[in-house]
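See structure below.
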Amino acid sequence: MMLLPKYFRFACGFGSLVFALLAICPLATLAFEGHIVSSRSGEETKTAAAVVNPLIECPYSLLMDETNTVLQPGKPVYDKYTVAERKVRNLPTTLPIVQPYYAEKTVYLTFDDGPDPENTPIILDILRQHGIKATFFVVGAQVEQYPHILKRIFEEGHAIGNHSYNHIYSQLYQSAHTYIKQLQQTDDIIKNVIGVRPRISRAPGGSAGSFTKEYWKTLEQDGYVEVGWNISSGDASSAKAQQIVDNVIRQMQNKSLWNHAIVLMHDGRGHGETVKALPHIITYFKERGFEFRVVNLETPPAW
Ligand SMILES: [Zn+2]
């Protein structure tokens, strides 16, 4: 059991690398195929299988260091380098341009302020029972306390986003500089736990009223996607579960949001009512044939 995640991550990373090589270099494709065809020994056959199979199952996509491209549509996107590491290596820090994903009915369930020792594991259990993936915007200080929960989110194939280091508005929003500093501090903490860092982020309290042009410019230069929401579950107040469900259903009457419904919820401390509401919210979307997706570079802007 102990060896599995380590082996999996290695196989996954190696698989992604080979995939990138195959995608960008036809000569490499020929060479690689030649290798498989010509392999006869048991050892080499085993190597080829280890490369191909984990690629199909790989739960996330990695921004490659040299090409800066997204490899697998629909998967969470991570980066093996931090902004500082990219700058040192002269690699691009800005993000590649990706075609936004619009389908008739698409929903993104998002949870802010965790990981939390009480709520997050139950939410992960519920998501697993329903066979769906969601997105967690985590706070750096919480990750420091509960790294094992972050690891579980990652290993179960959900997307992870950056939600600042301490969520304290007076410190966070002093300037674009203090904001980006907290994002990078959180990136480092996340990377220490899962080996990669997110490229998506969500401003605590939302960007409206807090961001100036300078913030947007800095985020673009350093390659973060700011992710808003268009369906608020209203779970930040003292709302009861039924009210949270009703809030979501009421806002879903706006059919223009059906092709990219981004639902804001919280898995932080004290959000037990959100946990209770979640199965009903999932059922609502399932019964109407929505596709559940994780937030990545293909996710359209909320508004
Ligand atoms: Zn928050």
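The values are calculated or read from the model by the stated rules, or taken from the named source; none is laboratory data. Please read all numbers here as calculations on a predicted model, not as lab measurements. Cβ placement follows ideal geometry from the backbone for every residue including glycine, while neighbour counts extend to all protein chains displayed.
Tabulated data
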| item | result |
| --- | --- |
| Which listed residue is over 14 Å from the mean Cα position of the chain (by Cα), under 17 Å from Thr274 (Cβ atoms) and among the hydroxyl-bearing types (Ser, Thr, Tyr), from Thr94, Thr106, Thr120, Thr82 | Thr120 |
| Total residues in the stretch 249-261, condition in a helix (DSSP H, G or I) and surrounded by 15 or more Cβ atoms within 10 Å (Cβ to Cβ) | 2 |
| When residues of the stretch 270-303 are limited to those that are of a type in the set (Phe, Trp, Tyr) and in a loop (DSSP other than H, G, I, E, B), the one nearest to Val107 (Cα to Cα) | Phe290 |
| Qualifying positions in the stretch 164-187 - within 15 Å of the ligand (Cβ to nearest atom) and among the hydroxyl-bearing types (Ser, Thr, Tyr) | Ser164, Tyr165, Tyr169, Ser170, Tyr173, Tyr179, Thr186 |
| Set Gly161, Gly157: member being under 19 Å from the mean Cα position of the chain (by Cα), away from the ligand (no atom under 15 Å from the Cβ) and among the small types (Gly, Ala, Ser) | Gly157 |
| Residue in the stretch 46-59 that is in a loop (DSSP other than H, G, I, E, B) and at pLDDT below 90 present | yes |
| Residues of the stretch 199-225 satisfying the condition of being crowded, with 19+ Cβ neighbours inside 10 Å and farther than 12 Å from Ser164 by Cβ | Arg199, Ile200, Tyr215, Leu219, Asp222, Val225 |
| Lone unmet requirement of (1) in contact with a Phe, Trp or Tyr (Cβ under 9 Å, 6 or more places away or on another chain); (2) surrounded by 19 or more Cβ atoms within 10 Å (Cβ to Cβ) for Ala277 | (1) |
| Selection count where residues are more than 12 Å from the ligand (Cβ to nearest atom) and surrounded by 22 or more Cβ atoms within 10 Å (Cβ to Cβ), scope the stretch 262-274 | 3 |
| Selection count, the stretch 202-217, where residues are within 16 Å of the ligand (Cβ to nearest atom) and either assigned to a helix (DSSP H, G or I) or in contact with a His (Cβ under 7 Å, 6 or more places away or on another chain) (or both) | 2 |
